[in-house]
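> Below you'll find the structure I mean.
Computed from the coordinates by the stated procedures, all read-outs in this text should not be read as laboratory data. No experiment lies behind these values; they were computed from the predicted model shown. Positions of Cβ are backbone-derived with ideal geometry, glycine not excepted, and every protein chain shown enters the neighbour counts.
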Amino acid sequence: MIEDWPVDPLIDIHIELLPEFGFTVQNEPVYGPGSVFQGIVHLKLKEVPVAADKIILTFRGAENATAIHNGSYFIQSLWQRTRKDCLLAETEYHFPFTIQMSVTQFPPSLEHKLYQSKFILTAKLIRSAFTLPTMMTQKEINYMPFIETSLLKKPVITTKNNNTKPFVTVKLHSLEYVP
């Protein structure tokens, strides 16, 4: 789902995610329901000025099984031209952002030949002239829902009773959330 876009040697745009206080899997941060992730969109221009309409940040998820379901969960404009200012005149820009995921239990990030579920953060520089291509960068977000589980050491205890009816006692430990 990460798309290939044209490369412009004069423009460098990339997303930097700041360290997450959650957990990691194979040294990659993992986000879950209600997670907050922060970062910076870096834009470096080797030649200025550059005519541009806006710079946007999109967070999107897509699921692919037998059909494709795409959903945009978040779109934010980081910069937009005004009547007076439609040129990016500096050589370097930094646009900080913060995104909080909803508490919805989305499917986990997964890539398999029969099923895919991905979450992608995209930053785009949309330029004024129709002849100039949009510049884009993407970063995959590793998402894992929190699943309510319990420790089942002795979930069912059956005891004999003096009556002819069986008697069952069920003991469960307190619930925990395990990623």
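> Decide, for the range 11-145, between rounded, prolate and oblate: order the square roots of the alpha carbon gyration tensor eigenvalues as a ≥ b ≥ c, take rounded if a/c falls under 1.5, and otherwise choose prolate if a/b is larger than b/c, else oblate.
Numbers: a/c = 2.40, a/b = 1.80, b/c = 1.33.
Cα axes put the range 11-145 in the prolate bin.
> Within 10 Å, count the other beta carbons around each residue, average over each peptide in 39-52, 108-121, and list them highest first.
Numbers: 39-52: 16.8, 108-121: 14.6.
By packing density, highest mean first, the sequence is 39-52, 108-121.
> Tell me, in nm to one decimal, what length is gained between Trp5 and Thr98 on full extension, where the rule is 0.36 nm per residue of separation less the Cα-Cα distance?
Values: separation 93, 0.36 × 93 = 33.48 nm, distance 2.48 nm.
Gain on stretching Trp5 to Thr98: 31.0 nm.
> Something else: If R₀ is 22 angstrom, what is the calculated FRET efficiency for the pair Thr58 and Lys113, using the beta carbon separation as r and rounding to 0.05? Mind dumping the intermediate values first?
On the way: r = 27 Å, r/R0 = 1.22.
Once rounded, the FRET efficiency stands at 0.25.
> So, one more: What FRET efficiency would be calculated for the residue pair Lys46, Arg83, taking the C-beta separation as r and a Förster radius of 45 Å, to the nearest 0.05?
E between Lys46 and Arg83, to the nearest 0.05, is 0.95.
> Let me ask another. With a point put 7 Å past each Cα toward its Cβ, work out how far His14 is from Ile147 in nm, to one decimal.
3.5 nm
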